[in-house]
Amino acid sequence: MNIEIERKFIVVGEYKSKAYAHSHIEQGYFETAPGKTVRIRIRDDKAYLTIKGPSGKEGLARYEFETEVSMEDGRQLLNLCRPGRIDKWRWLIHDGKHTIEVDEFLGDNEGLVMAEIELNSIDEEYIKPDFLGKEVTGDKRFYNSHLMRYPYVLWGKHFEEEELNK
């Protein structure tokens, strides 16, 4: 069984100089039952179909199935998705035994920069780099499927003000 375990953070510092690679991602989502996600992702010159189950209580772990599809199928599937797209640059950074994925969002989510660290277990230890700020693991506002429906442009300023007033 493929279980995805990840922690999510808001990026607050410089990260691009630490990256060893980056790519462009466009993804769309299909209508599903609440808590489940089916998406098509085009990453540079490859396409992937991904199915995710509901997250556990902490928002750390959930079932994930992903398979590569042809670019032709990927483009066709993207056209079948519900309206809206996630458009972003992804930067990959080595950090010890982990790879940190930093997503710099474009379009209606511009201004949002988030990072994910994938872990092998829920209690696996990791060192948090200095460019990572507030942890937002389990906060559904930061799920890509939510950002597509309720983009950061609609609520990001309120979130930033909340953080400054803490």
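We did not get these values from a lab; they are worked out from the coordinates using the rules stated. The model shown is predicted, which means the values in this text are computed figures rather than measured ones. Cβ placement follows ideal geometry from the backbone for every residue including glycine, while neighbour counts extend to all protein chains displayed.
In the chain, the DSSP-assigned H stretches of four residues or longer account for a calculated mean residue ellipticity at 222 nm of -5000 deg cm²/dmol, using -39500 (n - 2.57) per stretch and the full residue count as denominator. Projecting the Cα positions of Met114, Tyr20, Thr99 onto the charge dipole of segment 3-164 (unit charges on Cβ atoms of Lys, Arg, Asp and Glu, taken about the Cα centre) puts Met114 furthest along the positive direction.
Rounded is the label for segment 3-164, because a/c, from the alpha-carbon gyration tensor with a ≥ b ≥ c as root eigenvalues, stays below 1.5. A convex hull fitted to the Cα coordinates of segment 1-83 yields 137 cubic angstrom per residue. Put in order of Cβ neighbour count within 10 Å, fewest first, the listed residues Glu162, Glu66 become Glu162, Glu66. Pairs spanning more than 24 Å between alpha-carbon atoms, out of Lys8/Lys52; Lys52/Lys88; Lys36/Lys157; Lys57/Lys97; Lys97/Lys134: Lys36/Lys157; Lys57/Lys97.
Whole-Hz Karplus values for segment 142-151 come out as 9, 6, 4, 5, 6, 4, 5, 7, 10, x Hz, taken residue by residue from phi with 6.51 cos²θ - 1.76 cosθ + 1.60 and θ = phi - 60°; glycine and proline positions read x.
Placing +1 on the Cβ of every Lys and Arg and -1 on the Cβ of every Asp and Glu, with nothing else charged, gives segment 3-164 a dipole about its Cα centre of roughly 440 debye.
The packing ranking, built from the mean of other Cβ atoms within 10 Å per residue, places the peptides 16-27, 113-124 in the order 113-124, 16-27, highest first.
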